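Encoded as structure tokens, the structure appears first; notes follow it.
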Amino acid sequence: MENLVISVAAPKGGVGKTTTAVNLAVGLALKKKKTLLIDADPSGFCSSAFGYDEEKVFGNVIDLYKHSKNVNEVIHKTELSFLDIIPFEKINYTEEVIFNNLTVDRNVLRNAINQIKNQYDYIILDCPPFLYGSTVNCLIASDYLIIPVKSSKFSLEAVDKMMKFVNEIKKVENPNLKVDGLLLTMYELNTKASFLIKKELFQLYPNLMFKNTIPKNTSVAESTFYNKPVVLFDQNANASKAYISFVDELIEKHETFNLMQISGFGNVDFLDEEINNSENVNSYS
Ligand SMILES: Nc1ncnc2c1ncn2[C@@H]1O[C@H](COP(=O)(O)OP(=O)(O)O)[C@@H](O)[C@H]1O
Ligand SMILES: [Mg+2]
């Protein structure tokens with residue numbers, strides 16, 4: 001078992017965090033990786049991708065922060081045998097303030113996850129669009145971070161802010177946190193803006209770019225009306241194919257990394273690593 005904890009985070013809303021977390025988790029489960037998806041965003045839309053009826057939710061992330069339930073009591077099964085989920089109850093503004101106050105205990109998620117980590121290949125955390133509270137808890141609990149980057153002008157700023165924040169977390173609370181990579185989302189083929197942001201990112205972070213990019217695709221919005229992740233809604237949609245391909249890339253990357261560690265390459269830091277080698281820069285620029 002891989003036992004990896006991966007946060008999907010960026011200090012910006014609407015960049016494809018939830019879509020990525022959900023479809024990544026489903027994609028991993030389809031590849032028979034035992035996966036847990038944790039909805040760590042107080043605006044809680046992750047669980048709605050599975051059509052969860054609020055009445056049937058018997059425990060959620062807030063219960064962990066309140067210490068009112070044990071982590072095993074808030075795990076829900078899904079229609080996929082390899083995928084479990086910890087949902088987030090839909091809350092109003094006042095409850096959100098109360099929740100944010102609870103997150104000053106920065107180790108709640110880490111402690112909860114440590115109790116169940118050995119039961120899963122992958123634990124995926126869908127973070128809110130800010131760099132405090134719940135996100136800090138997620139990053140402290142994580143081995144890796146995936147940063148979705150929407151192909152638009154203001155994305156570079158968000159990436160820079162995220163990278164600086166990762167360094168802070170690494171220094172103080174979680175030296176093991178590594179950036180798994182940057183994933184371009186809502187990519188529009190044949191638009192200059194998308195092309196420019198891609199080019200700039202490959203120049204700035206050549207070793208951190210995932211080879212796969214997720215295209216902008218109307219099936220994603222459509223799938224939300226049916227409460228289904230796009231990879232289950234329409235496997236042939238362009239975004240679905242891209243997410244599945246991305247899942248393969250991620251699994252391969254971690255398996256290669258594991259092999260390198262086993263065969264004595266030691267504790268290679270992904271940030272310095274050349275798995276996404278410089279070929280990518282040329283092929284995209
Ligand atoms: N590849 C895509 N193509 C088209 N629309 C997308 C794509 N990815 C996400 N969206 C849409 O963009 C919006 C924001 O995505 P979401 O994943 O909720 O972002 P975040 O979690 O970062 O706020 C949603 O309405 C979602 O359906
Ligand atoms: Mg979201």
remark   = Out of (1) modelled with pLDDT of 95 or more; (2) surrounded by fewer than 20 Cβ atoms within 10 Å (Cβ to Cβ); (3) outside any helix (DSSP H, G or I), the one ILE251 does not meet is (3)
request  = Please enumerate the residues belonging to segment 177-205 that are assigned to a helix (DSSP H, G or I) and either acidic (Asp, Glu) or touching a residue at least 12 places away in the same chain (Cβ under 8 Å) (or both).
outcome  = ALA193, SER194, ILE197, LYS198, LYS199, GLU200, LEU201, PHE202, GLN203, LEU204
note = Residue pairs qualifying under the 6 Å Cβ cut-off, at least six apart or on distinct chains, with the first in segment 100-122 being more than 27 Å from VAL26 (Cα to Cα) and the second being part of a helix (DSSP H, G or I), are LEU102/TYR65; THR103/SER134; THR103/ASN137; ARG106/VAL136; ARG106/ASN137; ARG106/ILE140
Criterion violated by GLY133 - all others in (1) closer than 21 Å to TYR65 by Cα; (2) within 13 Å of ligand 1 (Cβ to nearest atom); (3) over 13 Å from the mean Cα position of the chain (by Cα); (4) buried (at least 18 other Cβ atoms within 10 Å of the Cβ) satisfied = (2)
ask   = Can you pull out the residues in segment 7-37 that are crowded, with 22+ Cβ neighbours inside 10 Å and more than 15 Å from ligand 2 (Cβ to nearest atom)?
value = VAL26, GLY27, LEU28, ALA29, THR35, LEU36
message = Among the residues that make up segment 86-99, is at least one of them under 30 Å from ASP160 (Cβ atoms), more than 12 Å from ligand 2 (Cβ to nearest atom) and either assigned to a loop (DSSP other than H, G, I, E, B) or in contact (Cβ under 8 Å) with a residue 40 or more places away in the chain (or both)?
response = yes
task = Could you tell me which numbered condition LEU145 fails, if it satisfies all but one of (1) in a loop (DSSP other than H, G, I, E, B); (2) under 24 Å from GLN203 (Cα atoms)?
result = (1)
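The values are calculated or read from the model by the stated rules, or taken from the named source; none is laboratory data. Everything quoted here is computed from the prediction, not taken from an experiment. Reconstructed Cβ throughout: ideal geometry from the backbone, glycine too, with neighbour counts over all protein chains shown.
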